[in-house]
Amino acid sequence: MTAEIGQAAIYLSVLSCLWAIGLLSFGLWIRNARAIQSGRNAVIATFILISIATGALIYGFVTDDFSMKYVVEVSSAAQPLLYKITALWGAMSGSLLFWLWLLTVGGAIVVWQNYQRNKQTQDTLADYSLIPIAIVQLFFTILVTGLIDGIYNPLARFTDGSVFADGQGMNTLLQTPLMAIHPPTLYIGWISLTIPFAFAVGALASGRIGSGWILRSRRWMLFSWIILTIGITLGGNWAYQELGWGGYWAWDPVENASFMPWLLGTAYLHSVMIQEKRNMLKLWNILLITLAFQFTLLGTFITRSGIITSVHAFGGSGIGGYFLSFIFASTAGVIGLIVYRWNRLKSANRLESLLSRESAFLLNNWLLVGLTLIILWGTLWPIISEAINGEKSTVPEAFFNKVVIIPGLLLLFLTGAGPIISWKKITANNFRRMFLLPLVIGLIGGALTWGFLALIGYTFPLYSVLCSFAAVFVVAAIFAEFYRGAKLRAKRQETSFVNGLNLLIQRNKRRYGGYIIHIGIVILYIGIMGSKGYFLLEAKSMTLGESMEVGKYKLTMIDAFEKEYANYLRSGVIFDVAKSGKKIGTMEPAIHNYYRAKPDEEPTKESAIHHVGMNDLYVALANVPRDIKTGGVVNVQAYYNPLIGIVWIGVAVMVLGGIVAIAEKSERSGGA
Amino acid sequence: MKKRSRLKIVAASTILLGGMAFLVVAMTRSTSMRYFTPAALVAAAGSADDQRVQVDGLIAEGSTKWDAANFKLTFAVRDRETEATVNVIYEDRLKPDNFKDGGSVFVEGRYDATQNLVVATKLMTKCASKYEGAESAAPTDEISYTSE
């Protein structure tokens with residue numbers, strides 16, 4: 001019965017979306033407050049209806065209702081409760097429902113925030129923005145009704161009325177806590193991008209294209225950025241721990257699909273500051289947020305349509321066409337609005353000099369958008385190459401690794417140069433006061449790195465030297481910013497330096513939160529440089545008692561073990577880890593054999609990771625033979641990943657900075 | 001003065017965009033590899049010999065040999081539609097997770113036409129999340145083993 005109620009709720013929400021779109025448009029057109037209110041209520045109604053549908057599906061999982069198609073597909077009676085619930089987004093139609101539900105939460109929050117705000121002022125911007133939100137909701141609602149080809153209703157039962165004794169269960173690789181939170185985190189990040197996009201459309205529709213819409217949607221954007229940062233990193237961390245190939249990023253189409261909106265969002269967070277400060281780039285900002293939103297759909301299209309083959313098994317599911325149509329239709333809509341409002345989109349100011357804060361922002365934007373396009377190019381290369389010469393080609397990971405280095409290093413330099421260069425035009429005084437010392441310190445840092453790398457045998461590590469130079473420069477520049485600001489505050493308020501620092505950040509959380517993010521970026525870069533540039537990989541077939549060497553480390557296989565757990569058998573080996581002859585620990589890589597694995601599921605590799613400071617030793621096994629104790633051979637792959645721990649720290653600092661920045665409540669204009 | 005600075009801005013943007021475009025084209029040229037199904041690769045053997053290629057197919061049933069002592073994996077990739085197969089050798093690397101007879105596999109490596117063999121540098125099996133189409137979602141025979 002609950003499943004039927006859920007299905008009915010989905011059908012009804014088609015109506016509530018239409019109601020919201022119709023009444024809001026009509027009400028705003030004829031300025032009828034009651035019609036507008038009715039439209040807002042419909043947005044809330046959609047939220048309630050989709051919550052009912054989602055709740056009904058979760059109920060189906062929890063009660064093991066194996067008459068439901070979707071429950072059979074991704075759940076099973078023995079699946080732990082947590083994974084029964086996360087099965088909600090374990091396959092396509094459920095994840096679309098989940099996506100839709102998050103979107104309705106977003107819509108409801110916009111209505112709520114608007115209600116709070118309208119106690120003081122009457123402003124229709126949010127009401128205009130609810131229309132695009134409802135349109136996107138309508139699109140997803142139609143997808144999950146099951147009325148169109150390619151996707152079935154997640155609440156549907158088997159048409160022939162069959163009831164299975166048990167479900168197929170979720171893939172065992174996904175049954176880890178990280179995988180329970182990684183997909184929803186990314187979804188939340190993507191979906192919250194819809195809101196600033198909707199505000200941009202609302203601004204165009206209402207004709208108020210000042211910075212009002214940006215101020216209103218700014219925290220949504222930051223929220224989205226923080227969540228995307230976390231979500232992408234969780235995915236990398238999961239791959240590192242679970243997949244046994246020793247890396248965290250492989251430029252897979254699905255990874256790229258999550259990374260491109262992040263890059264565009266980052267560009268947007270910077271370019272809006274110019275609009276606030278100098279009233280420039282109005283059109284650009286609208287295009288940028290539109291692009292960021294469209295890239296979340298494009299990502300879905302790329303990964304779900306089957307046009308790009310990826311390691312993530314999506315197959316040609318036939319829904320790609322709907323996404324592509326929606327992307328075209330909504331982009332056309334935005335372009336139409338832009339043409340309609342063309343006169344109001346002109347900049348009030350012009351760029352005055354090539355060396356100014358404005359151009360630093362602009363360069364940042366060009367590079368970020370450029371990187372996005374490069375990654376898109378590489379991701380779509382199979383299609384592009386087929387169109388050009390009739391033959392499908394692909395580019396490997398190496399393409400991306402090589403092509404992002406130079407724009408990436410320029411961007412790194414900008415994270416330090418941007419905050420200290422003066423507005424309008426750089427002056428000799430500005431250069432001397434702000435740039436000279438950080439540049440000198442940066443050069444020393446670069447030289448030291450060069451010396452160190454030469455010492456351990458790398459003769460001409462150009463990119464590492466440049467990266468270290470830029471990194472040290474940025475840290476010096478930003479610390480100097482904090483130092484100068486804190487000292488000034490302390491002097492003015494006649495208090496200690498620490499208090500001054502605290503006051504400085506409290507008074508301008510967005511700006512200094514941003515600088516903390518920049519420090520996080522530097523840390524991240526150093527981690528990527530070390531782990532991508534200097535990792536060591538050794539592989540060896542070994543029997544008990546043998547050892548292998550990875551760099552300065554020696555791994556000796558001393559024992560094997562087998563242990564039974566609730567739903568899997570863990571078998572593995574024990575390594576003694578020694579550095580320069582001294583034992584520093586043990587490692588226990590293993591294989592998990594799930595008792596209830598499906599025929600297409602292999603045992604999973606559980607790699608062992610041993611941290612030595614920020615560096616990791618990483619060992620994975622292919623198999624643990626039955627006869628291991630009597631001379632059976634184990635295949636071992638061992639990595640030394642220098643500075644990889646710094647990658648996670650860098651991201652943590654970025655997220656921390658984001659949280660500081662998002663704490664700035666006021667809608668006042670400010671920032672860097 | 002105004003004019004000159006605008007000119008400088010235009011010049012700088014052109015250099016930046018041109019540089020990025022050049023980088024992309026150069027890197028695409030140097031790293032791009034042709035993508036084949038096993039049938040297409042066998043058909044194009046002559047032109048693909050000694051080139052880096054990517055092959056997308058299924059792991060042929062019963063073809064997998066895992067030589068643990070020498071850390072060597074050999075198997076054949078079968079075409080999804082025809083009977084064509086291409087042999088693959090993959091050394092000194094772990095077998096990826098989800099490597100199973102009949103499973104999807106991408107092979108990257110250099111093709112040797114005389115032996116119909118790809119010396120693989122990278123293997124990818126389909127990863128875990130199962131966003132298949134609607135048809136495969138209706139469990140029929142595959143589910144029967146759990147309901148017994």
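The values are calculated or read from the model by the stated rules, or taken from the named source; none is laboratory data. Quantities reported herein were computed from a predicted structural model and do not represent experimental measurements. For neighbour counting, all protein chains shown are included, and Cβ atoms are generated from backbone atoms with ideal geometry for every residue, glycine included.
Just to be sure, is residue A:198 aliphatic (A, V, I, L, M), touching a helix residue (DSSP H, G or I) at 6+ places or on another chain (Cβ under 7 Å) and closer than 19 Å to residue A:100 by Cα? If you could, list the steps in order and put the result at the bottom.
Working: aliphatic (A, V, I, L, M): yes; touching a helix residue (DSSP H, G or I) at 6+ places or on another chain (Cβ under 7 Å): yes; closer than 19 Å to residue A:100 by Cα: yes.
So residue A:198 fits the description; yes.
Is it fair to say residue A:325 is surrounded by fewer than 20 Cβ atoms within 10 Å (Cβ to Cβ), small (Gly, Ala, Ser) and over 29 Å from the mean Cα position of the chain (by Cα)? If you could, list the steps in order and put the result at the bottom.
Values: surrounded by fewer than 20 Cβ atoms within 10 Å (Cβ to Cβ): yes; small (Gly, Ala, Ser): yes; over 29 Å from the mean Cα position of the chain (by Cα): no.
Against the criterion (surrounded by fewer than 20 Cβ atoms within 10 Å (Cβ to Cβ), small (Gly, Ala, Ser) and over 29 Å from the mean Cα position of the chain (by Cα)), residue A:325 does not qualify.
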Discussion item. With at negative phi and buried (at least 18 other Cβ atoms within 10 Å of the Cβ) as the only criterion, which of A:536, A:524 stands out?
Written reply: A:524
Worksheet item: Could we say that residue A:592 is in contact with a strand residue (DSSP E or B) (Cβ under 6 Å, 6 or more places away or on another chain) and either surrounded by 20 or more Cβ atoms within 10 Å (Cβ to Cβ) or touching a residue at least 40 places away in the same chain (Cβ under 8 Å) (or both) here?
Response: yes
Item to complete: Take the stretch B:28-79 and flag every residue that is more than 10 Å from chain A (Cβ to nearest Cβ), touching a Gly at 6+ places or on another chain (Cβ under 8 Å) and not in a strand (DSSP E or B).
Response: B:38, B:61, B:79
Fill in: Which listed residue is at positive phi and either out of contact with any Cys (no Cβ under 9 Å at 6 or more places or on another chain) or assigned to a helix (DSSP H, G or I) (or both), from A:251, A:190, A:213
A:251
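What number of residues within the stretch A:394-437 satisfy the criterion of being away from chain B (no Cβ under 14 Å) and β-branched (Val, Ile, Thr)?
4
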Practice prompt. Note down all Cβ pairs under 6 Å where the first residue falls in the stretch A:274-301 and is under 22 Å from residue A:330 (Cα atoms), the second is among the acidic types (Asp, Glu) and modelled with pLDDT of 85 or more, and they're at least six residues apart or on different chains.
Written response: none
Item to complete: Please state which one of A:515, A:595, A:565 is under 30 Å from residue A:420 (Cβ atoms) and not charged (D, E, K, R).
Response: A:515
Response to the item:
Result of the Cβ filter at 7 Å on the stretch A:24-45, keeping first residues that are in a helix (DSSP H, G or I) and partners that are surrounded by fewer than 14 Cβ atoms within 10 Å (Cβ to Cβ), at least 6 apart or interchain, is none
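Name the single residue that is farthest from the other protein chains (Cβ to nearest Cβ) among those in the stretch A:336-359 being polar (S, T, N, Q) and part of a helix (DSSP H, G or I). Let's see the steps before the verdict.
First, the residues of the stretch A:336-359 that are polar (S, T, N, Q): A:343, A:347, A:349, A:353, A:356, A:359.
Now drop any that are not part of a helix (DSSP H, G or I), which leaves A:343, A:359.
Details: A:343: 23, A:359: 7 Å.
It comes out as A:343.
Tell me, yes or no, whether the stretch A:169-181 has at least one residue that is more than 13 Å from chain B (Cβ to nearest Cβ) and within 21 Å of the chain's Cα centre (by Cα). Steps first, please.
Applying the first criterion (more than 13 Å from chain B (Cβ to nearest Cβ)) to the stretch A:169-181 yields A:177, A:181.
Narrowing further to those that are within 21 Å of the chain's Cα centre (by Cα): A:177, A:181.
Looking for residues that are more than 13 Å from chain B (Cβ to nearest Cβ) and within 21 Å of the chain's Cα centre (by Cα), one finds at least one in the stretch A:169-181, hence yes.
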Practice prompt. Go through (1) out of contact with any Phe, Trp or Tyr (no Cβ under 9 Å at 6 or more places or on another chain); (2) modelled with pLDDT of 90 or more; (3) part of a helix (DSSP H, G or I); (4) crowded, with 17+ Cβ neighbours inside 10 Å one by one and return the number of the condition residue A:106 breaks.
Written response: (1)
Practice prompt. Check off (1) part of a helix (DSSP H, G or I); (2) surrounded by 21 or more Cβ atoms within 10 Å (Cβ to Cβ) for residue A:492 and give me the number that stays unchecked.
Written response: (2)
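Is the stretch A:296-304 home to any residue that is modelled with pLDDT of 85 or more, away from chain B (no Cβ under 12 Å), under 19 Å from residue A:270 (Cα atoms) and surrounded by 21 or more Cβ atoms within 10 Å (Cβ to Cβ)? Reasoning before the result, please.
Taking the stretch A:296-304 as the starting set, the residues that turn out to be modelled with pLDDT of 85 or more are A:296-298.
In the following step, the residues that additionally are away from chain B (no Cβ under 12 Å) were identified as A:296-298.
Filter again for under 19 Å from residue A:270 (Cα atoms), leaving none.
No, every residue in the stretch A:296-304 fails to be modelled with pLDDT of 85 or more, away from chain B (no Cβ under 12 Å), under 19 Å from residue A:270 (Cα atoms) and surrounded by 21 or more Cβ atoms within 10 Å (Cβ to Cβ).
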